[in-house]
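**Q** Once you've had a glance at the structure underneath, I'll fire off some questions.
Here, each number is a calculation from the coordinates, and none is a lab measurement. Note that the structure is predicted; figures quoted are calculated from it, not measured. No Cβ is skipped: glycine too gets one built from the backbone with ideal geometry, and neighbour counts run over all protein chains shown.
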Amino acid sequence: MKKLLLCVVFVIVGLSTLKSQEKQAEVHGVIVDTSGMAIADCAVYIPFTSIWTTSDKNGHYRIKVPKESDYELEFKHLSYKPISKKIHIGSEKRIEKNIVLDTDQYIISEVVKTAVSTNWKIGFNLFQQYVLSDEYGRSCKVINPECLSFYIDGDRLIGSAKEPLEIMNNYLGYRIIYYLNYFWIEKGRLLPDDTVDQVTFSFSGSAIYIDRLNNSWIQKNGWKNNRHREYVGTKRHFLQSLWASSYKEYGYVIRQCWSEFAEFQQSQKLSPAVAYAKFHEMYKVYSFNQERGESEYLHFFQFYDYPIQNSIHGLGTDTLYITISESNILLVFQPWNPLKIDKSKIAVFEIVMDDPILPYRVRLDQTGKLQMENCRLKWDYLDSFTNLLNALPNDYWEEIEK
C-alpha cells in the first residue's frame, strides 16, 4: 500500500473563552419536497452529536452550530429519502441552506425468508451485545425493540430497523435516537495468519444525542464521572492533550506503524535483508481497514516512542505549530500496557491528503475542534466499532489545563 509523503502543518490556537461562550452560527432554511410542499418534523442534525432540531409545520428549521468548522448536516424523514450536506462555517453569523427531499418514499426493505428465518430473541440479544455492548439491556436499553427485524442469509444474521431506534443510555445519561443503516454478524472469518476468528460483525448508522434530565444529585454526579472516564482516550481528548503539550501526562503512547514490508523498508532506508529481519521482529496488531474492506496487520516497534514532540514549535503562549514531514500511520494507545494489548483502546491516527501538491493546514483549538484544509483526519479504533454504551457525542469536551 503506497503512502504519500506527509507534510502537514497544524496550527494550534488556544482559546480563552469558556465552553458556554463558544462562538456559534445559525444555519436555517426551508425543507420541501419536489412539488414544493413543506415538510414538517424532518430531523436536521450533525451525526453523533447533540446538535439537532426538527422542521416546523411550514418546513422551516434553525440550528446553531459552532463557528469555524466543517460539518456534515443530515436531513431525515421517514417518508422521504435522506440527504446529507457538507457545510463550511467560517466567520458568518447566519447561513441559509434550503433543502429539497425526494418525494419517493424511503422504505427499508424487509426480506422474509421462511426457510432460513431466525429466532427474533437470538437476533436481538446479539444486537444488544455487539451494537450496545449490553446484552441484557441493564445500562443501555432499546425502548422500541419491535422496530427491529432479523433474518439469516447464508452464514450471516442480518438486522434492520423500520423506524429510528430510541435508546436509553443509563450509564452516560443520554437518550439516543439511532438511525440504523445495517447490522450483520457471522462466524468463521479467515484471518491473515490463516487462523479463524470466532465472530465477525459490522454495523452502521447515525445518532442524535439528547441529554437526560434528572433532579437527583447522585445520578447527575454519576453521569459526570462516567463521561469523564469515557472521555479520556477519545480523539477529541487526545487532540486537546496535543494542544496542551501534555499527551504523555494523560497516558498516551504514540507508535509509528507499517502495514507492508515495502513501505517500511522505504521509510527506514534499510537494505532488504536488514529491513526484512527488523520487520518480522516487530510487534503487530490485527486491523480491519473499512475503506478498503481488507484485513491487515499493523507492525510497530513496541518500545520506540514516536517523537511527535520534536515536531511541535511554539509561536507565543497560545499558538503552536506541529509539522509532520514523513509518510506515516500512527497508533495511539491509552492506556499503554505492553503485556496486554486492548484493541478497544488503540486508535489508528493518520492525516490523509486530498492532493499531494497543495499545502495542508489543520487548525486546532483547546477544545479539540478541528478545521482542516486540503486534508482529512482518520481516527479509527482497531476494533473498528464504538458501541453505544461507551460512546460520547462528538461535540462533548472537557477543559484541560495546559
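**Q** Using θ = phi - 60° and the Karplus form 6.51 cos²θ - 1.76 cosθ + 1.60, what ³J(HN,Hα) does each residue of the stretch 231-244 get, whole Hz, x for Gly and Pro?
**A** Coupling constants for the stretch 231-244: 5, 5, x, 7, 4, 5, 5, 4, 5, 4, 5, 5, 4, 7 Hz.
**Q** Next question, about the same structure. Tell me, what ³J(HN,Hα) does each residue in the stretch 43-56 have, in order and in whole Hz, if you take phi through Karplus 6.51 cos²θ - 1.76 cosθ + 1.60 with θ = phi - 60° and put x for Gly and Pro?
**A** 6, 10, 7, 9, x, 6, 9, 9, 9, 7, 7, 9, 7, 7
**Q** Just order 59-67, 359-367 by mean Cβ neighbour count inside 10 Å, highest at the front, would you? It would help to have the intermediate numbers written out before the result.
**A** Details: 59-67: 16.7, 359-367: 18.6.
Packing order, densest peptide first, comes out as 359-367, 59-67.
**Q** Set the Förster distance to 51 Å, then compute FRET efficiency between residue 98 and residue 305 from the Cβ-Cβ distance, nearest 0.05.
**A** 0.50
**Q** At residue 40 and residue 373, where each label point lies 7 Å from the Cα along Cα→Cβ, what is the point-to-point distance in nanometres?
**A** So the label points at residue 40 and residue 373 sit 4.6 nm apart.
**Q** Tell me whether the stretch 344-402 comes out rounded, prolate or oblate; compute the Cα gyration tensor, take square roots of the eigenvalues as a ≥ b ≥ c, and use a/c under 1.5 as the rounded threshold.
**A** Cα axes put the stretch 344-402 in the oblate bin.
**Q** Taking θ = phi - 60°, what integer Hz values does the Karplus form 6.51 cos²θ - 1.76 cosθ + 1.60 yield along the stretch 267-281, in sequence order, with x for Gly and Pro?
**A** 6, 8, 6, 10, 5, x, 5, 5, 4, 5, 5, 5, 4, 8, 8
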